[in-house]
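The block underneath contains the structure these notes are about, expressed in structure tokens.
The values are calculated or read from the model by the stated rules, or taken from the named source; none is laboratory data. Because the structure is predicted, anything quoted here is derived from the model rather than measured. So basically every Cβ, Gly included, is an ideal-geometry build from the backbone, and we count neighbours across all protein chains shown.
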Amino acid sequence: MKSIYVSKQHCAEVLRSVFFALALCSTAGAFAADPAPDTQLIERARKTAVALLDRTQSAAEDLATHALSFLGIYYRRGGQSPESGFDCSGLVRHAALEALGRTLPRTARDMAGVGTEVERDELRPGDLVFFNTLRRTFSHVGIYLGGDKFVHAPSAGGVVRVEDMRESYWLSRYNGARRISMQ
């Protein structure tokens, strides 16, 4: 768990810097006529950026944490609840609805069209990760936890569990990731 905490902290610092820079850029017009920057304006931009990041990051982490509450639930093809069992997209869909109030499409393939694409080295907890497990792209989905770990409902006979994306099976089948908006 410590590596996940460090990863979250690192991501938070990088994103705070990015949001702060974007907030400053959006106020650049205010500085054009006056070479001395308005410190109140800068502070307001910083607070806005930090609040936006914290809200987004917190919701994504809630999704990842909530999905972990289903560890051990049996796989069931087409399953969408802890009572009946989950398939991969059923787990993600159920966790997103309960943790975020967000309804996602029913299949992994359709989920792959939601949100924005994320490079593997930019993954954050709560991102959706996709794999080719049935000889077609985007046939499996899980929720990224940090530290190259993800939670998913694997296949018949399995249970919801955490696995490492660096394992050769997952590494060779990785299709990409999406960051869903938290609204």
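Taken as a whole, the structure leaves G101 outside the set of residues that are within 29 Å of R166 (Cβ to Cβ), surrounded by fewer than 20 Cβ atoms within 10 Å (Cβ to Cβ) and modelled with pLDDT under 95.
Within the range 155-183, residues that are without any contact (Cβ under 8 Å) to a residue 24 or more places away in the chain have Cβ atoms under 9 Å from residues that are part of a loop (DSSP other than H, G, I, E, B) in these pairs: E163/P154; D164/G147; D164/D148; R166/D148; Y169/T133; L171/M165; S172/N132, counting only partners at least 6 apart in sequence or on another chain. Looking across the range 104-145 at every residue that is closer than 12 Å to A60 by Cα and hydrophobic (A, V, I, L, M, F, W, C), the one that is surrounded by the fewest Cβ atoms within 10 Å (Cβ to Cβ) is identified as L123.
The one condition from (1) modelled with pLDDT of 95 or more; (2) in contact with a helix residue (DSSP H, G or I) (Cβ under 7 Å, 6 or more places away or on another chain); (3) among the polar types (S, T, N, Q) that N175 does not meet is (2). For the range 169-177, the criterion of being surrounded by 19 or more Cβ atoms within 10 Å (Cβ to Cβ), assigned to a strand (DSSP E or B) and over 11 Å from the mean Cα position of the chain (by Cα) is satisfied by no residue at all.
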